[in-house]
1. Does region 105-121 contain at least one residue that is among the polar types (S, T, N, Q) and within 14 Å of residue 36 (Cα to Cα)?
2. Mind counting the residues in region 88-104 that are of a type in the set (Asp, Glu) and under 19 Å from the mean Cα position of the chain (by Cα)?
3. For region 67-89, enumerate the residues that are among the small types (Gly, Ala, Ser) and either assigned to a helix (DSSP H, G or I) or surrounded by fewer than 23 Cβ atoms within 10 Å (Cβ to Cβ) (or both).
4. In region 21-47, which residue that is free of Cβ contacts under 8 Å to residues at least 40 places away in the same chain and more than 17 Å from the chain's Cα centre (by Cα) is nearest to residue 10 (Cα to Cα)?
5. If residue 29 meets every condition in (1) closer than 30 Å to residue 115 by Cβ; (2) in contact with a helix residue (DSSP H, G or I) (Cβ under 8 Å, 6 or more places away or on another chain); (3) modelled with pLDDT under 95 apart from one, which number is that one?
6. Can you name the residue in region 178-192 that is touching a residue at least 12 places away in the same chain (Cβ under 8 Å) and under 25 Å from residue 39 (Cβ atoms) and, of all such residues, is nearest to the chain's Cα centre (by Cα)?
7. Scan region 43-61 and tell me whether some residue there is surrounded by fewer than 13 Cβ atoms within 10 Å (Cβ to Cβ) and part of a helix (DSSP H, G or I).
8. Please work out if residue 133 is over 28 Å from residue 67 (Cα atoms), touching a Ser or Thr at 6+ places or on another chain (Cβ under 6 Å) and without any contact (Cβ under 8 Å) to a residue 40 or more places away in the chain.
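The values are calculated or read from the model by the stated rules, or taken from the named source; none is laboratory data. Everything numeric here is computed off the predicted structure, so don't read it as measured data. All Cβ positions, even for glycine, are placed from backbone atoms using ideal geometry, and neighbour counts span all protein chains on display.
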Amino acid sequence: MTFPQLRELIAQGESETLEFKKKTTHPHRISRTLVSLANTRGGHVLVGVADDGRMVGVRDAEEELFLLRDAAQHYADPPLAQLAFNELEDEAGRIVLLVTVPESATKPHRAHVAPGDWRSYVRVRDESVQTSHLAEKLLARQPAPDEVRFETLPLNRHELAVLEHLKTVPRITVPQFMKLANLGKRRAYQTLIKLVLHNYLRYHDKEKEPYYTR
């Protein structure tokens with residue numbers, strides 16, 4: 001990646017696939033970000049960039065790289081072995097580290113947050129959030145990123161209705177689906193979870209009310 005390309009990336013702002021870090025403070029903390037990206041769609045971490053997008057650079061690139069590799073190897077379970085690291089230096093001599101985290105084929109990954117305490121995280125918009133036990137089970141059922149998914153699952157009219165509905169809105173909750181399809185709560189929930197298990201939908205549970213997206 002060139003520096004102009006880096007500036008374009010920064011201009012996009014933090015998102016589900018992009019995180020800014022001024023520095024790596026401790027493997028415990030950065031491991032949550034790395035794990036959340038690997039558990040979701042993959043993405044990039046820019047170390048040496050402030051939350052507002054200012055390039056501040058890192059003081060010691062080698063120390064930062066050591067902490068990042070330590071977090072990926074010893075503070076993630078299973079370890080994150082496929083990360084790529086690049087150093088980019090601007091005309092003022094500021095160094096920004098670009099960490100590329102591919103979407104994992106061995107989900108879920110857990111981060112070591114405290115002695116004996118390992119937790120799974122995913123990306124929700126621009127944040128790394130802890131998953132529930134249900135979301136963790138769903139992650140384990142997802143196909144690998146490079147695995148071809150043949151859509152042979154026969155869909156009934158309710159399942160087709162929610163997929164069609166999500167072409168016009170970004171998300172749906174169980175109560176919204178109950179109203180849309182005129183279903184009871186249990187059947188609406190089972191239908192949405194079935195679509196998640198077959199990789200048609202994604203489940204999100206870190207807001208006041210869980211919701212589903214395509």
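1. Start the filter on region 105-121 by keeping residues that are among the polar types (S, T, N, Q), which leaves 106, 120.
Filter again for within 14 Å of residue 36 (Cα to Cα), leaving 106, 120.
The answer is yes; a qualifying residue exists.
2. Residues of region 88-104 of a type in the set (Asp, Glu): 89-91, 103.
Narrowing further to those that are under 19 Å from the mean Cα position of the chain (by Cα): 103.
Count: 1.
3. At the first step, the residues of region 67-89 found to be among the small types (Gly, Ala, Ser) are 71-72, 76, 81, 84.
Answer for region 67-89, where residues must be among the small types (Gly, Ala, Ser) and either assigned to a helix (DSSP H, G or I) or surrounded by fewer than 23 Cβ atoms within 10 Å (Cβ to Cβ) (or both): 71, 72, 81, 84.
4. Residues of region 21-47 free of Cβ contacts under 8 Å to residues at least 40 places away in the same chain: 21-22, 25, 29.
Still in the list and also more than 17 Å from the chain's Cα centre (by Cα): 22, 25.
Values: 22: 13, 25: 21 Å.
In this case the residue turns out to be 22.
5. The number of the failed condition is (2).
6. That would be 192.
7. No, the conditions are met nowhere in region 43-61.
8. On the way: over 28 Å from residue 67 (Cα atoms): yes; touching a Ser or Thr at 6+ places or on another chain (Cβ under 6 Å): no; without any contact (Cβ under 8 Å) to a residue 40 or more places away in the chain: yes.
No.
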